[in-house]
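Q: Below: one structure in structure tokens.
Since every read-out is calculated from the coordinates, none of them should be taken as a lab result. This structure is a prediction, so every number in the text was calculated from the model and none was measured. So basically every Cβ, Gly included, is an ideal-geometry build from the backbone, and we count neighbours across all protein chains shown.
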Amino acid sequence: MLNQKTFHIRLIYSGALLLILAFVFAVLATQAKAKQTANLIAEGKQIFRFDTFGDEDFWGGQLQLHQAIQGEQFGGVGPGVSPATALAVGLKVDVEALPKPLQRQLKQGKVDLNDPAVTLALLKLNAVVGVTGFFNDDGSLGSMGIQCALCHSTVDDSFAPGIGRRLDGWANRDLNVGAIVALSPDLSPFEELLGVDRDTVIAVLNSWGPGKFDAELVLDGKAFNPQQVSNGVVTGTNVSGATLIPPAFGLAGVNLHTWTGWGSVPYWNAFVANIEMHGKGNFYDPRLDNAAQFPIAAANGFGDIRNPVDLITPKLPALHVYQLSLLAPRPPDGSFDPEAAARGQALFAADGKANCASCHVPPLFTEPGWNLHSPTEMGIDSFQADRSPDLMYRTAPLMGLWTHTTGGFYHDGRFATLLDVVNHYDTLFSLGMTDAEKADLVEYLKSLGDGPGKMSD
Ligand code: HEC
Ligand code: HEC
């Protein structure tokens, strides 16, 4: 029989053991959860960089774009696309995908950058950011697909211009999407959708220019803004309807996305993967059934897309988490004047003379909540707003502005410099700012960013 003392000691020991076990389990569970989150981010990164969602059936299968890339030499059409041409239209090369001997040869100028065969070699190495080649057994290109990274990544140019480490989330403002698509031997999918001939499709694609893409063209068929107006002044006629590629970083906490607030990040990811990239998935948005606003989308049933196998929906959670994990990078030291920026911050604040923070609320720099404004409020024409369900413009989050200063500002890049933006507000809201105050505000805008300075991995 157990005496009472031994019984008590055993009770204490087993209690302690239970506590220790509970602690160990709690630690393990926390670690497992952290690992799950880390896995989700890693999975999302892989999708963002390399997943085509099956869109090669469109870019290769239908447009035959791969045939223009490899050229006659490899059984395609035309001269082919050399690395020099690819870099000139803004495509980027991931240096980390290049074997060391090839890096050496490149440095020594021993690689012929005018030879399309080199482009094929780069595609085989998975080194062209945002583009995947699918190869035949004989080494020729059988098809190709595109990824999110095509438009929303660039490289840090650490090796050479256009060649470096990946910077995910950065807008590729060098990329001439229209010029690339215009190379396609077969543009009939666009001709049929838009009801125009090949020459017209090509003219529209070439009107976009670098850093821009028109996501609404295949919904409403409107290629040009008849009259661009800022503060009552006509600043252009028949301006391309394409918008600037925005960054895909710094979006955590932001409610509505895209220039005109189409929806949340996962909404837009599904939209783009299905409707723009032509991946194979399911997509629902009855707003696209509005034939008056979106005649092409309504006629083609874009509001209810089904594919027998859905290659997109299962990827949305990880893709979402990865995008939210991308912070807006901090500007490099010396890229702005800190004292002027501090004065600019005071002007920007909600109680400051410029009162920018009434809409661009720090630290999101957009409104927490409903972040849309009417064209009239913004002092600009309604062309692009009218191409979206809410007929509004979204308060652009300003973090990391310094990474996308080429191509201009506002959705269509109508303001060439930050000073032009500030001048627009000065007139619109009768702020009465002095030149020195405007300059301070610009320095503050250049200073915005919260993540690490460099974003490669
Ligand atoms: C061909 C270029 C291109 C590709 C490929 C592309 N995007 Fe975009 N993305 C754009 C453009 C242009 C816009 C702005 C659209 C608008 O406002 O109408 C945009 C907007 C966005 C936004 C909103 C950003 C903000 O400012 O709130 C997100 C998020 C986004 N894209 C994510 C993705 C993801 C994820 C993929 C891949 C599934 C992808 N994009 C593929 C060009 C592209
Ligand atoms: C009434 C709300 C509102 C106020 C006030 C406001 N903004 Fe904006 N801001 C917006 C909206 C909406 C956009 C997007 C316009 C577009 O895309 O055409 C924008 C865009 C911008 C952009 C361009 C971002 C880009 O990526 O191109 C900058 C820079 C900017 N604002 C700075 C400021 C500054 C500086 C002030 C104060 C002088 C200010 N804003 C005041 C709503 C506002």
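Q: Among (1) within 19 Å of the chain's Cα centre (by Cα); (2) closer than 25 Å to Pro397 by Cα; (3) within 14 Å of ligand 1 (Cβ to nearest atom), where does Arg330 come up short?
A: It fails just one condition, (3).
Q: Consider Tyr284 carefully, then state whether it is surrounded by fewer than 19 Cβ atoms within 10 Å (Cβ to Cβ), over 20 Å from Gly408 (Cα atoms) and within 16 Å of ligand 1 (Cβ to nearest atom). Show your work before the answer.
A: Details: surrounded by fewer than 19 Cβ atoms within 10 Å (Cβ to Cβ): yes; over 20 Å from Gly408 (Cα atoms): yes; within 16 Å of ligand 1 (Cβ to nearest atom): no.
Answer is no for this residue.
Q: Filter segment 177-231 for residues that are in contact with a Gly (Cβ under 6 Å, 6 or more places away or on another chain), touching a residue at least 40 places away in the same chain (Cβ under 8 Å) and under 20 Å from Ile380 (Cβ atoms) and give the result.
A: Those that are in contact with a Gly (Cβ under 6 Å, 6 or more places away or on another chain), touching a residue at least 40 places away in the same chain (Cβ under 8 Å) and under 20 Å from Ile380 (Cβ atoms): Gly211, Lys222, Asn225, Gln228, Asn231.
Q: Return only the number of the condition from (1) away from ligand 2 (no atom under 16 Å from the Cβ); (2) under 18 Å from His411 (Cα atoms) that Ser240 does not satisfy.
A: So the condition that Ser240 fails would be (1).
Q: Going residue by residue through segment 404-419, is there one that turns out to be more than 12 Å from ligand 1 (Cβ to nearest atom), touching a His at 6+ places or on another chain (Cβ under 7 Å) and under 19 Å from Ala439 (Cα atoms)?
A: Kept after step one, since they are more than 12 Å from ligand 1 (Cβ to nearest atom), are these residues of segment 404-419: 405-406, 408-409, 414-419.
This time we only want the ones that are touching a His at 6+ places or on another chain (Cβ under 7 Å), so: 415.
Next, from what is left, pick out any that are under 19 Å from Ala439 (Cα atoms): 415.
Scanning segment 404-419, I find at least one residue that is more than 12 Å from ligand 1 (Cβ to nearest atom), touching a His at 6+ places or on another chain (Cβ under 7 Å) and under 19 Å from Ala439 (Cα atoms), so the answer is yes.
Q: I would also like to ask the following. Would you confirm whether any residue within segment 214-232 is in contact with a His (Cβ under 8 Å, 6 or more places away or on another chain) and either more than 16 Å from ligand 2 (Cβ to nearest atom) or within 14 Å of Gly413 (Cα to Cα) (or both)? Can you show your working first?
A: Within segment 214-232, the first condition is being in contact with a His (Cβ under 8 Å, 6 or more places away or on another chain), and the residues that meet it are 230-231.
This time we only want the ones that are either more than 16 Å from ligand 2 (Cβ to nearest atom) or within 14 Å of Gly413 (Cα to Cα) (or both), so: 230.
Scanning segment 214-232, I find at least one residue that is in contact with a His (Cβ under 8 Å, 6 or more places away or on another chain) and either more than 16 Å from ligand 2 (Cβ to nearest atom) or within 14 Å of Gly413 (Cα to Cα) (or both), so the answer is yes.
Q: Which residue is nearest to ligand 1 (Cβ to nearest atom), if the candidates are limited to segment 227-262 and must be within 15 Å of the chain's Cα centre (by Cα) and not in a loop (DSSP other than H, G, I, E, B)?
A: For segment 227-262, the residue satisfying everything is His257.
Q: Looking only at helices (runs of 4 or more DSSP H) that fall completely inside segment 301-385, which ones have 1 or more residues that are closer than 23 Å to Ser430 by Cα? Even if it seems obvious, please write down each step before you answer.
A: Numbers: elements: 316-325, 338-348, 375-378.
Output list reads 338-348, 375-378.
Q: Would you check which residues across segment 27-54 are without any contact (Cβ under 8 Å) to a residue 60 or more places away in the chain and among the acidic types (Asp, Glu) and list them?
A: Within segment 27-54, none qualify.
Q: If I go through segment 382-397 residue by residue, how many of them are within 11 Å of ligand 1 (Cβ to nearest atom) and not charged (D, E, K, R)? Working first, answer last.
A: From segment 382-397, those within 11 Å of ligand 1 (Cβ to nearest atom) are 384-385, 387-388, 393-397; that's our starting set.
Still in the list and also not charged (D, E, K, R): 384-385, 388, 393, 395-397.
Number of matching residues: 7.
Q: Count, please, the residues in segment 243-267 that happen to be more than 15 Å from ligand 2 (Cβ to nearest atom), among the hydrophobic types (A, V, I, L, M, F, W, C) and touching a strand residue (DSSP E or B) at 6+ places or on another chain (Cβ under 7 Å). Show your work before the answer.
A: Kept after step one, since they are more than 15 Å from ligand 2 (Cβ to nearest atom), are these residues of segment 243-267: 252-253, 263-267.
Now restrict to residues that are among the hydrophobic types (A, V, I, L, M, F, W, C): 252, 265.
Filter once more, so that each one left must be touching a strand residue (DSSP E or B) at 6+ places or on another chain (Cβ under 7 Å): 265.
The total comes to 1.
Q: Checking Asp390 against (1) touching a Leu at 6+ places or on another chain (Cβ under 8 Å); (2) near ligand 2 (Cβ under 9 Å from one of its atoms); (3) of a type in the set (D, E, K, R): exactly one of these is not met. Which one?
A: (2)
Q: Something else: Take segment 362-382 and flag every residue that is touching a residue at least 24 places away in the same chain (Cβ under 8 Å) and acidic (Asp, Glu). Walk me through it before giving the result.
A: Looking only at segment 362-382, we keep the residues that are touching a residue at least 24 places away in the same chain (Cβ under 8 Å), and these are 363-372, 378-381.
Within segment 362-382, Glu367, Asp381 meet the criteria.
Q: When Leu175 is evaluated against the numbered criteria (1) farther than 22 Å from Leu122 by Cα; (2) touching a helix residue (DSSP H, G or I) at 6+ places or on another chain (Cβ under 9 Å); (3) of a type in the set (A, V, I, L, M, F, W, C), which criterion, by number, is the only one it fails?
A: It is condition (1) that Leu175 fails.
Q: Let me ask another. Yes or no: Val421 in contact with a strand residue (DSSP E or B) (Cβ under 7 Å, 6 or more places away or on another chain), hydrophobic (A, V, I, L, M, F, W, C), under 19 Å from Ser230 (Cβ atoms) and surrounded by 17 or more Cβ atoms within 10 Å (Cβ to Cβ)? Give the derivation first.
A: Working: in contact with a strand residue (DSSP E or B) (Cβ under 7 Å, 6 or more places away or on another chain): yes; hydrophobic (A, V, I, L, M, F, W, C): yes; under 19 Å from Ser230 (Cβ atoms): yes; surrounded by 17 or more Cβ atoms within 10 Å (Cβ to Cβ): yes.
So Val421 passes the test.
Q: Still on this model: Kindly indicate whether any position in segment 87-95 is surrounded by fewer than 16 Cβ atoms within 10 Å (Cβ to Cβ) and more than 25 Å from the chain's Cα centre (by Cα).
A: So in segment 87-95, the residues surrounded by fewer than 16 Cβ atoms within 10 Å (Cβ to Cβ) come out as 88.
Next cut, more than 25 Å from the chain's Cα centre (by Cα) only: none.
Looking for residues that are surrounded by fewer than 16 Cβ atoms within 10 Å (Cβ to Cβ) and more than 25 Å from the chain's Cα centre (by Cα), one finds none in segment 87-95, hence no.
Q: For Gly379, indicate whether it is within 15 Å of ligand 1 (Cβ to nearest atom) and out of contact with any Cys (no Cβ under 6 Å at 6 or more places or on another chain). I'd like the intermediate steps shown before the answer.
A: Values: within 15 Å of ligand 1 (Cβ to nearest atom): no; out of contact with any Cys (no Cβ under 6 Å at 6 or more places or on another chain): yes.
So Gly379 does not fit the description; no.
Q: Also, quick follow-up: For a quick check of your reading of the model, give me the residue pairs whose first member lies in segment 383-395 and is surrounded by 19 or more Cβ atoms within 10 Å (Cβ to Cβ), whose second is in a loop (DSSP other than H, G, I, E, B) and of a type in the set (A, V, I, L, M), with beta-carbon atoms closer than 7 Å and at least 6 apart or on different chains.
A: Ala385/Leu391; Ala385/Met392; Arg394/Leu256
Q: May I pose another question? Would you point out the residue of segment 397-409, among those that are more than 14 Å from the chain's Cα centre (by Cα) and not in a helix (DSSP H, G or I), that is nearest to ligand 2 (Cβ to nearest atom)?
A: Once the filter is applied, the top-ranked residue is Phe409.
Q: To continue, here is another question. Please enumerate the residues belonging to segment 117-137 that are more than 16 Å from ligand 1 (Cβ to nearest atom) and small (Gly, Ala, Ser). Give the derivation first.
A: We begin by selecting, within segment 117-137, every residue more than 16 Å from ligand 1 (Cβ to nearest atom); these are 117-127, 133-137.
Across segment 117-137, the qualifying residues are Ala117, Ala121, Ala127, Gly133.
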